[in-house]
Amino acid sequence: NIEPSIRCNQQLLVQRFEEDSYTIAQTNATTHVQKQLLDSAKQYFVKETRIKTDINELENALNKRHNELVEEFQQRLDSFKKSQNDVTQTILNNYNHLIEGRRGTALKTDIYNRCPTLDINKYHSYCNDLNILFNYIRAYLSNPG
């Protein structure tokens, strides 16, 4: 039966499209913000060179404005970052779609039938369980006796 394979590929293509569109939007927005900031810096430079005649005063004013623009750019760039929960949810969605898509064609003994689907709460619960196990292992390995 080819239907599960087609569903799996369709889901992966949709996810890839979403990720690509996000990346393109982020790149376009970054370019736009950079252009705005450069235009703003140029206007500020022109204005300040008319007002200030002392080169040190002009340099200090331009350095201050440069720092303001760098901070503004970083804030705008940070607004495009995905949170840890968003990244985790994307990974879980990919994992779940892969598991569900492969189960239809897999043998009963295949790994895809042994992997549970996960939601964010189950994932965090399993992570906590693993951390407890790792701590026991570390404690055991660090015990010289």
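Which label marks the calculated value of semi-axes √(5λ) of the Cα gyration tensor in Å, given the options (i) 27, 21, 13; (ii) 47, 22, 12; (iii) 52, 27, 9?
(iii)
Out of V70, L130, L38, whose Cα points farthest toward the positive end of the dipole of the chain (charges: +1 Lys, Arg; -1 Asp, Glu; placed on Cβ)?
Looking along the dipole axis, the top candidate is L130.
Per the 1.4 Å probe, what fraction of the accessible area of the chain, in percent, lies on carbon and sulfur atoms? Mind showing how you got there, number by number?
Values: 6350 of 11420 Å².
After summing per-atom areas, the C and S share lands at 56 percent.
Give the total of Lys-Lys pairs in the chain with Cα-Cα distances below 25 Å; include a pair only if its members are 8 or more places apart or on different chains.
Lysine pair count for the chain: 11.
Leaving out ligands and nucleic acids, and using a 1.4 Å probe, what accessible area per residue does segment 50-145 come to in Å²? Kindly include the intermediate steps, with their values, before the conclusion.
On the way: 7700 Å² over 96 residues.
Result: 80 Å² of accessible area for each residue.
Treat every Asp and Glu Cβ in segment 13-88 as -1 and every Lys and Arg Cβ as +1, leave all other atoms uncharged, and give the resulting dipole magnitude about the Cα centre to the nearest 20 debye. Could the numbers behind the result be given before it?
Details: 11 positive and 13 negative charges, 43 e Å.
Its charge dipole is roughly 200 debye.
Tell me, what is a quarter of the convex hull surface for the C-alpha atoms of segment 16-65, in nm² with one decimal?
Numbers: hull surface 14.9 nm².
Its Cα hull, projected and averaged over all orientations, spans 3.7 nm².
So, R0 is 30 Å and r is the distance between the beta-carbons of N96 and Y136; what FRET efficiency does that work out to, to 0.05? Intermediate values should be presented prior to the final figure.
Numbers: r = 29 Å, r/R0 = 0.97.
That gives a FRET efficiency of 0.55.
The values are calculated or read from the model by the stated rules, or taken from the named source; none is laboratory data. Quick caveat: nothing in here was measured; it's all calculated off a predicted structure. Positions of Cβ are backbone-derived with ideal geometry, glycine not excepted, and every protein chain shown enters the neighbour counts. Heavy atoms of the whole protein, side chains included, go into the accessibility calculation; ligands, DNA and RNA do not. Shrake-Rupley method; radii C 1.70, N 1.55, O 1.52, S 1.80 Å.
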